[in-house]
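Have a look at the structure below before the remarks.
The values are calculated or read from the model by the stated rules, or taken from the named source; none is laboratory data. From a predicted model like this one, the values you see are computed outputs, not experimental measurements. Note that we place each Cβ from the backbone using ideal geometry, even for glycine, and neighbour counts take in every protein chain shown. The accessibility values were calculated without ligands, DNA or RNA, using every heavy atom of the protein model including side chains. Shrake-Rupley method; radii C 1.70, N 1.55, O 1.52, S 1.80 Å.
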Number of protein chains: 4
Amino acid sequence: MTETLALPADAPAKRSDRIPVAVLGATGSVGQRFVQLLEAHPWFRLHEVVASDRSAGKRYADAADWRLDSILPAEASAMTVKQLGARLESRLLFSGLDSSVAGEAEEEYANAGCVVVSNSRNHRMDADVPLLIPEINAEHLGAIEQQRRRRGGRGCIVTNPNCSVIGLAMAVAPIERDFGIEQIHVTTMQAISGAGYNGVASYAILDNVIPYIGGGEEEKIESEPRKILGRWSGDRFEPAPMTISAHVNRVPVIDGHLMTISLRLRGAAAAASAAGRRAGAPAPTLEAIREAIETFRGEPQELGLPSAPKQPIHYLDAPDRPQPRLDRDREQGMSVSVGRLRRCPILHYRMVALVHNTIRGAAGAALLNAELLEAKGLLR
Amino acid sequence: MTETLALPADAPAKRSDRIPVAVLGATGSVGQRFVQLLEAHPWFRLHEVVASDRSAGKRYADAADWRLDSILPAEASAMTVKQLGARLESRLLFSGLDSSVAGEAEEEYANAGCVVVSNSRNHRMDADVPLLIPEINAEHLGAIEQQRRRRGGRGCIVTNPNCSVIGLAMAVAPIERDFGIEQIHVTTMQAISGAGYNGVASYAILDNVIPYIGGGEEEKIESEPRKILGRWSGDRFEPAPMTISAHVNRVPVIDGHLMTISLRLRGAAAAASAAGRRAGAPAPTLEAIREAIETFRGEPQELGLPSAPKQPIHYLDAPDRPQPRLDRDREQGMSVSVGRLRRCPILHYRMVALVHNTIRGAAGAALLNAELLEAKGLLR
Amino acid sequence: MTETLALPADAPAKRSDRIPVAVLGATGSVGQRFVQLLEAHPWFRLHEVVASDRSAGKRYADAADWRLDSILPAEASAMTVKQLGARLESRLLFSGLDSSVAGEAEEEYANAGCVVVSNSRNHRMDADVPLLIPEINAEHLGAIEQQRRRRGGRGCIVTNPNCSVIGLAMAVAPIERDFGIEQIHVTTMQAISGAGYNGVASYAILDNVIPYIGGGEEEKIESEPRKILGRWSGDRFEPAPMTISAHVNRVPVIDGHLMTISLRLRGAAAAASAAGRRAGAPAPTLEAIREAIETFRGEPQELGLPSAPKQPIHYLDAPDRPQPRLDRDREQGMSVSVGRLRRCPILHYRMVALVHNTIRGAAGAALLNAELLEAKGLLR
Amino acid sequence: MTETLALPADAPAKRSDRIPVAVLGATGSVGQRFVQLLEAHPWFRLHEVVASDRSAGKRYADAADWRLDSILPAEASAMTVKQLGARLESRLLFSGLDSSVAGEAEEEYANAGCVVVSNSRNHRMDADVPLLIPEINAEHLGAIEQQRRRRGGRGCIVTNPNCSVIGLAMAVAPIERDFGIEQIHVTTMQAISGAGYNGVASYAILDNVIPYIGGGEEEKIESEPRKILGRWSGDRFEPAPMTISAHVNRVPVIDGHLMTISLRLRGAAAAASAAGRRAGAPAPTLEAIREAIETFRGEPQELGLPSAPKQPIHYLDAPDRPQPRLDRDREQGMSVSVGRLRRCPILHYRMVALVHNTIRGAAGAALLNAELLEAKGLLR
């Protein structure tokens, strides 16, 4: 069972002190995770649930086919679902909307002054929208100022990456930061929950692997990390100068995207590495790479954000780890796990990474993003 | 249900005309597949079943915990299991022995004049032992002459590759043959049957993926294809000049090893390919690669060997194929399936391949090897 | 891979000699099985494929999302899908229609003179429609005469039972025939394919069991066997005087419905059984029950119908059989398997039974029904 | 992820105040659950880990192949495994020993004055050993006095039932208590973890169900509940006068035993029920049964034992619940879930029940037993 995110010692005692929020697309799989994770959140409280025509007007308990292994929170249960597009009382909106409607709806709410923290893919690559992983690129929040100028108000959209991308970007970020990466070759083995509750028929996936995921999954993995690992120059995003090749697969696993990663360093580090391999010279050793991974921290840790894992990346020593079922729930599903770091005979290094796709890779990611916004005073 | 291999029209009518064979390690998972596939074989008939101490002396039906989804053949059922090491009446031996005993036992039988067609790993890399995939390197049988000289008799060992390697080598062989390959980057997703019946606990693999396989699986995948795709110079094997990087994973699939493959061409083809990508020039197009794959044939097809698939590699157009459950049984499990051929942003090309690991990747492979030996007059 | 049904020695050589047939609902899961099983059928040939609006006018290959593990037959592939309700050239129609449309459509075709051999549930309990399992109640075909009188033509509907019911009815038929059954208590563990390709989401069933199946599954199991095991009196069906209690469950199995069955005999046999248990007297011994099961044969076996299994029920001795994956394909999926026959401390006997739900339990059942019709001259 | 058992508000702050305990068979699957559940236990602290020869002398982290989805507690990790049979410092021993050694070892420790709280089957049916489910038969602890007399000391053995039996006994206990049960017919669908980590090969259970479990599973289910639901007369256990028929199955589920249950009331209640069904009379209605289930409480709830669920049985309204994956973790795995209560056409009532087999059905059950012993002053 997935534990709800832990409350820090200084959590506000009263629910009424918490910031009211709305969840857009509240009946879907990501929406349900938002509802679950918000139940005990120390800073935010669920105030409105919003969904499409079909659900609007119903009690949330009736509109949502609750599928999580925790009990539907009583307060959410009794809420009446509001219609997408309706004027909302909350200013902070979490969006788990389907991409078929997210583009326009999120834009409208942002233009109306709301802060939309979205898990949808529609605005991820927009020129002034942060594609945020707080441990990696908190400075991308600088783009919000420009975005607000464009909108002429206090509204904005902040997005989190595709579920696989979060795992990949987190796993390589310490290496990119310390040594610079030129190429990443990744093969993913993704859990069925990534496709939503009804996304993958059991007849399709039992005793099977499907070497394909629709919706441009490979393209997202090949492009989003470049924005994430790049920099905000003050007026535009400059992507990291790396090339990514992604093969994606769907596997019969409930939660947890596993991926094998090979990567090539760039510039001086690469030269040193190549030299090191030939001559035994002491440049980027496996130990140095590993240390970069284990000591990796970011603003969420410094700020003590409520959903922040203490250690963003867990390096596992056992030769057969990480594994989805055994490691996906580390730090309430908010840590990425990495293992099997070793030399690659073709690129420079290789390793295995795992991310809980519906927590760190979706709803938990958005929550952490909102916490960073609050901590930085950007929700006001 | 796996169909038994089809009988050609001119199959010998009488069982007594067929060549008597023994199966070493007959009670294990590969051994059982041998027994199954031999039941209706037109050239060979099962004459002896051989296993370790624990099983020796028992009826085969009692010694083997039959786990295949076809019925245990009646003739095999009634045979008394002979002790490994005993003198056998058959000269052709199929070995599915565990690697802990295969090394010595196979050597002894070969020195005693037997032709040992083995699925075990022990002698695969021996200097004068063919690591045979008949469609690819039938000329490696030239090594047998040297091997027989060494042994001073008519005995010899012929091996087939690791189950994943067969899939990989088959999938890339047409490209290597026509264009030359410099680098292969492969991530496998391997079925549980590859570990034997009791190899993977259900508690370990349900709702899970294990990013590791013991016994040097990655090392085999990184070395065996070089021997297979290399040449027999007349007195030694010259490995193909390529580098391979393998990540292996165990997935909850019964049969069928799926793999994502990226590869870089070498020399002139590579230059042309690089040029082609930049300049739109007409060198190694995806169509040319695909045609190489689809038209690929070898001696088994020319000779019409009983276990030979009509088309060794099936190229599948659907964007989400091949899939283990849907494609593993093509041509009775003897064809390899390939799909999703496309450009790789890092190496040159990428694709997905699938092999039935216990048929084409094990017992069926050995059977085809033995058929080639017979067709070439090397069993006499 | 499921083998196609075997051709008898005297199969008509020429396809043109075979009876042309249409498949209604050809794009669905049962429809696809019809198309698969008809490919090599010695008496029938697929002539028309019929489906709803959405598919009508398309090539079958495009309209059907082919999901079976054999290759889509070329002839079917090229056919244009006809619209449900259109006038057809074939007189024999196999129906795999969804129950939402089957009721009316089948009725219309039957009234128009067609022989509709249906797998749908709509007309199963109709007063003059046979609910046919040829081994059990071939004499129910007597109802066709009355049905034709009602329709005023040569058309009629013949149905086969629910997939679980076929397994249950077959397993108990020999006992009912020889001893008489008063009560049956059954718990099913049903495969996902029984719900159609998209019927069960993987998120719902992986690492799970669902103790419920919609659409009145338990009610069907509690009523259909009474009609099947009853008799046609000449003008009405008289149900067998037994009571059935069914608990149903969905399990993560691809194909094959497994069920545990306890039953109480009726009348004299029951008395003898009760006496026997107390006094050791020699009435309905387990051996007698078992012999009834193993020697059970019916008209399909006597007539040598092409799809008939040689032995309708396989009794398995091993204490842990039958099992879905290992036993569902016995006799091309047309045999029911039974094991673990023993005394029940509450009712009289208990046992385990298995049926391949999409072959013997659906498309194969309808095919066998049509074969019986043809053999009895009822297709003319 | 399974949450550790919650700490009550008044938990002792200091670890040193807690009662030291040893875990016998600490490296096995039940042993690991004991270690996990003891980590944050408010009354007990893990002091010694004990296992067989093979593990003795090793660090626990090295001896145990830790397979739970929580992290191995640091304190346990560093402990040196003691040899089974060695003199221990703890007086309270939790036993997860394999039944091949549990019989003698537990007997010896009890005779030496230890309180052995065992999950093993060996002593469950002993004439003076409680087979304890604290909500049901806390008064069975009366047998300890007699047992201590026999042993001539303060030692004793207290056992918990088989994992399926706990689910069954809990589910029917309220009905037995209020109305009296004559017959129970149960079919179980049991998780693989019930067989230990290596108990079920993945090749055996993927895409499969096995209708059999060795070790006398059905016999245990048919006998243990009679002792549990019976009474301690002061000098002997008088079994409940009921008959049970059990069919068991292994299904591809990680944790959680699901079971379908039909039952017949006895005596007056049965007569009323039969009358009620025929005549519409108002005796044991489904509502009355349900209320008995929902209001069921026992000593653990009254005493507020740390591991006690607030509500021992959760009745679920949804027509398709309980389900193993969704409901097994209710109240940290300590509650049993029941649903689908309805009339049975053969016996009187039927329903579905679920128990977390390794928590409430094993280690958690033993922990609760020990807590009851402590609360009753029986550990002194």
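Summary of the geometry: the range D:222-267 and the range B:187-209, compared by the centres of their Cα atoms, lie 35 Å apart.
Each Cα pair under 8 Å and six or more residues apart adds its sequence gap; the mean of these over the residue count of chain D is a relative contact order of 17 percent. Counting, for every residue in B:236-248, the Cβ atoms of other protein chains within 10 Å of its Cβ and taking the mean gives 2.
Listed highest first by mean packing, meaning other Cβ atoms within 10 Å per residue, what order do B:368-379, D:245-256 come in?
Most protected by this proxy first, the peptides run D:245-256, B:368-379.
Remark: the protein assembly as shown carries a charge dipole of roughly 0 debye about the Cα centre, counting +1 on each Lys and Arg Cβ and -1 on each Asp and Glu Cβ. In chain B, the longest principal axis of the Cα atoms and the axis of helix B:217-228 are about 80 degrees apart. Relative contact order of the range A:285-374, taken over Cα pairs closer than 8 Å and 6 or more residues apart, is 27 percent. Here is how far apart the B:A78 label points are across copies: 5.0, 6.8, 7.8 nm, shortest first, using a point 7 Å from Cα toward Cβ. Amide H to amide H, with H built 1.01 Å from N, C:I181 comes under 5 Å of C:R266, counting only residues 5 or more places away or on other chains. Given A:K310/D:K58; D:K310/D:K376; C:K310/C:K376; C:K82/C:K220; A:K58/D:K310; B:K310/B:K376, which pairs have Cα atoms separated by over 24 Å? Beyond 24 Å: A:K310/D:K58; C:K82/C:K220; A:K58/D:K310. Quantify, in whole percent, the carbon and sulfur part of the accessible surface of the protein assembly as shown (1.4 Å probe; protein heavy atoms only). Accessible surface attributable to carbon and sulfur in the protein assembly as shown totals 48 percent. Within the protein assembly as shown, DSSP assigns beta bridges of which about 45% are antiparallel (rounded to the nearest 5). Would you pull out the residues with amide H under 5 Å of B:I19's amide H, same chain only if 5 or more places away, H placed 1.01 Å from N? When sequence neighbours closer than 5 places are left aside, the close amide H contacts are B:F44, B:R45.
If you take the charge dipole of chain B about its Cα centre, with +1 on Lys and Arg Cβ and -1 on Asp and Glu Cβ, which of B:A169, B:L84, B:A240 is farthest toward its positive end? Of the options given, the answer is B:A240. Across the identical copies, the 7 Å label point of C:A288, projected outward along Cα→Cβ, sits 4.1, 8.0, 8.6 nm from its counterparts, in ascending order.
So what's the angle, to the nearest 10 degrees on a 0 to 90 scale, between helix C:364-375 and the longest Cα principal axis of chain C? The helix C:364-375 is inclined about 80 degrees to chain C. Between A:T243 and A:L286, the FRET efficiency estimated from the beta carbon spacing at R0 = 22 angstrom works out to 0.45. For chain A, the longest principal axis of the C-alpha atoms and the axis of helix A:163-178 are separated by about 50°. Using the Cβ-Cβ distance between D:T295 and B:Q301 with R0 = 56 Å, the FRET efficiency computed as 1/(1 + (r/R0)^6) comes to roughly 0.15. Between rounded, prolate and oblate, where does the range A:291-357 land on the alpha carbon gyration tensor, with a ≥ b ≥ c its root eigenvalues, rounded for a/c under 1.5, else prolate if a/b exceeds b/c? Here the range A:291-357 falls in the oblate category. The contact between chain A and chain B removes approximately 3800 Å² from the accessible area (both sides summed; 1.4 Å probe; ligands, DNA and RNA excluded). Taking the average, over residues, of other Cβ atoms within 10 Å as the packing measure, peptides B:39-49, D:319-329 rank D:319-329, B:39-49 from highest down.
The alpha carbons of chain C give a radius of gyration and a Dmax of 20.4, 70 Å, in that order. Taking 7 Å steps out from each Cα toward its Cβ at C:D62 and A:R54 produces label points 2.7 nm apart.
Computed from backbone phi with θ = phi - 60° and the Karplus coefficients 6.51, -1.76 and 1.60, the 3J(HN,Hα) list for the range C:96-110 is x, 5, 5, 5, 5, 10, 5, x, 6, 4, 5, 4, 5, 5, 5 Hz; x is used for glycine and proline. The Cα atoms of the range A:108-233 give a gyration tensor whose axes a ≥ b ≥ c have a/c of 1.5 or more with a/b no greater than b/c, which makes the shape oblate.
Averaged over peptide C:252-262, the number of partner chain Cβ atoms lying within 10 Å of each residue's Cβ comes to 6. Of the peptides A:205-213, C:230-238, C:63-71, the order by per-residue mean of other Cβ atoms within 10 Å, starting with the highest, comes out as A:205-213, C:63-71, C:230-238. The mean number of Cβ atoms from other chains found within 10 Å of a Cβ in peptide D:193-201 is 4, as a whole number. For the protein assembly as shown, taking the reciprocal of the average inverse distance between every pair of different Cα atoms yields a Kirkwood hydrodynamic radius of 34.9 Å. When chain C is turned onto chain D, the axis of that turn runs closest to one Cβ of chain C, and that residue with its distance in whole Å is C:T187, 2. Over the range A:205-264, what is the relative contact order in percent, taking alpha-carbon pairs closer than 8 angstrom and at least six residues apart? For the range A:205-264, the relative contact order is 43 percent.
Position A:E219: other-copy label points at 4.4, 4.8, 6.5 nm, ordered by increasing distance, label point 7 Å along Cα→C-beta.
What fraction of the DSSP beta bridges in the range C:279-380 is antiparallel, stated in percent and rounded to the nearest 5?
55 percent
The alpha carbon convex hull volume per residue for the range A:27-106 rounds to 92 Å³.
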